Amino acid sequence: MAVLLAVLYSVGFYLLMQRSLMRILIGIVVLGHGANLLLQLAGGPPGRAPILDAVGLGAIADPLPQALALTAIVITFALTTYLLALGYRSWVLVGHDVVQDDVEDRRIAGRVGVDGAMEEGTAEESEEFPEDTSDSHELEEGRR
């Protein structure tokens with residue numbers, strides 16, 4: 001079962017990294033099945049229903065993995081319907097479901113330094129932002 005889980009997760013993540021929305025959708029579904037199987041395996045062997053002292057505590061089924069598996073099914077269903085709607089809309093507007101690179105994102109990523117960046121050493125010194133801000137503190141105190 002561990003090998004089957006590894007294969008499901010591997011195939012799911014591989015499909016999730018593709019550009020086609022349908023492959024991403026299938027990857028989400030495969031990952032959902034892997035999550036359900038993992039939760040059912042974590043729950044241990046099947047047990048009996050807890051009916052008023054009919055069985056001992058060791059023979060009762062743990063309801064938590066079953067509840068988590070049900071939640072995983074609902075989340076997978078919600079993601080599947082969302083991605084189906086997204087793929088349909090992409091097909092109607094563009095004619096294919098391949099996610100394209102954004103030209104503006106590539107242009108920004110290719111820049112050496114971004115103006116106004118919060119990182120140290122990337123912002124250029126200018127007259128608007130002097131090194132000594134004691135004058136601005138005095139002005140601010142004078143306003144109070």
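The values are calculated or read from the model by the stated rules, or taken from the named source; none is laboratory data. This is a predicted model, so every value here is computed, not measured. Glycine also receives a Cβ, built like all others from the backbone with ideal geometry; neighbour counts cover every protein chain displayed.
Going by the structure shown, is Ala35 out of contact with any helix residue (DSSP H, G or I) (no Cβ under 9 Å at 6 or more places or on another chain), under 30 Å from Ala2 (Cα atoms), at pLDDT 75 or above and of a type in the set (A, V, I, L, M, F, W, C)? No. Cβ-Cβ distances below 6 Å connect the following pairs, each with a first residue in the range 66-89 that is within 12 Å of Ala35 (Cβ to Cβ), a second residue that is of a type outside the set (Val, Ile, Thr) and at pLDDT 90 or above, and a separation of six or more residues or different chains: Ala69/Asn36; Ala72/Ala35; Ala72/Asn36; Thr76/Gly32. Criterion first (modelled with pLDDT under 90, farther than 30 Å from Asp101 by Cα and in a loop (DSSP other than H, G, I, E, B)) does Ala54 satisfy it? Yes: the conditions hold for Ala54.
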